[in-house]
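S.K.: Take this structure first; my questions come after.
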Amino acid sequence: MMTFCVGDRIAHPMHGAGVISGIEKRKVNGTERDYYILKLPVGDMLVMIPTEMSSEIGVRPIVDPDEAEYILNSIPGIEVNMTANWNKRYRENMLRIKSGNLMEVAAVVKGLMSREAERGLSTGERKMLHSAKQIFISEIVLSQSSSYEDIEKRLALAMA
């Protein structure tokens with residue numbers, strides 16, 4: 001099990017990357033546990049992660065700046081094969097996002113962005129694209145000490 005400290009920059013597969021602002025004891029459903037308090041840069045959101053569950057949840061250190069750069073530069077070459085069946089496509093994309101693998105999240109973003117450009121997205125897929133972009137960009141921003149806007153522009157250029 002990985003242990004993190006206050007100030008560590010970590011990635012949560014479903015919420016994106018942030019900085020641990022504290023470790024607190026909280027009583028939830030009658031059980032007292034230690035929680036990482038993860039401060040997300042986007043929308044000033046706080047996420048409480050039970051410390052002993054962080055590995056199962058898929059919490060990990062953020063990618064280093066070189067890996068972030070490699071992933072951004074790899075986006076144009078990512079092959080996207082999405083099934084025509086909406087339900088199956090949604091499930092496959094959700095599994096990719098939950099994997100916590102940034103390259104997989106990039107593939108979801110690319111696939112949904114190209115699908116949106118071609119024929120539009122359903123409300124569910126539009127929400128998924130929004131959260132996948134946020135997860136992806138938040139980690140690159142923290143890794144490269146860049147601004148959200150700069151990474152969003154680079155992502156748009158990589159998709160073009």
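S.K.: Across the stretch 9-56, what is the total count of residues that are in contact (Cβ under 8 Å) with a residue 40 or more places away in the chain and in contact with a Phe, Trp or Tyr (Cβ under 9 Å, 6 or more places away or on another chain)?
M.R.: The qualifying residues number 6.
S.K.: Determine, yes or no, whether I71 is buried (at least 19 other Cβ atoms within 10 Å of the Cβ) and either touching a residue at least 40 places away in the same chain (Cβ under 8 Å) or touching a helix residue (DSSP H, G or I) at 6+ places or on another chain (Cβ under 9 Å) (or both).
M.R.: It is true that I71 is buried (at least 19 other Cβ atoms within 10 Å of the Cβ) and either touching a residue at least 40 places away in the same chain (Cβ under 8 Å) or touching a helix residue (DSSP H, G or I) at 6+ places or on another chain (Cβ under 9 Å) (or both).
S.K.: Kindly provide the set of residues from the stretch 57-82 that are within 15 Å of H15 (Cα to Cα) and out of contact with any Phe, Trp or Tyr (no Cβ under 9 Å at 6 or more places or on another chain), ordered by number.
M.R.: Passing the criteria: I57, G58, R60, I62.
S.K.: Another one. Filter the stretch 109-160 down to the residues that are open to solvent by 80 Å² or more (accessible area, probe 1.4 Å), part of a helix (DSSP H, G or I) and among the hydrophobic types (A, V, I, L, M, F, W, C), then identify the one that is farthest from K39 (Cα to Cα).
M.R.: A117
S.K.: Scan the stretch 82-139 for residues that are out of contact with any strand residue (DSSP E or B) (no Cβ under 9 Å at 6 or more places or on another chain) and of a type in the set (S, T, Y) and jot them down.
M.R.: T83, Y90, S99, S114, S122, T123
The values are calculated or read from the model by the stated rules, or taken from the named source; none is laboratory data. Keep in mind that what you see is a predicted model, and the values were worked out from it rather than measured. Don't worry about glycine lacking a Cβ; one is built from the backbone with ideal geometry, like all the others, and counts go over all protein chains shown. These area figures cover heavy atoms from the full protein model, side chains too; ligands, DNA and RNA do not enter into them. Shrake-Rupley method; radii C 1.70, N 1.55, O 1.52, S 1.80 Å.
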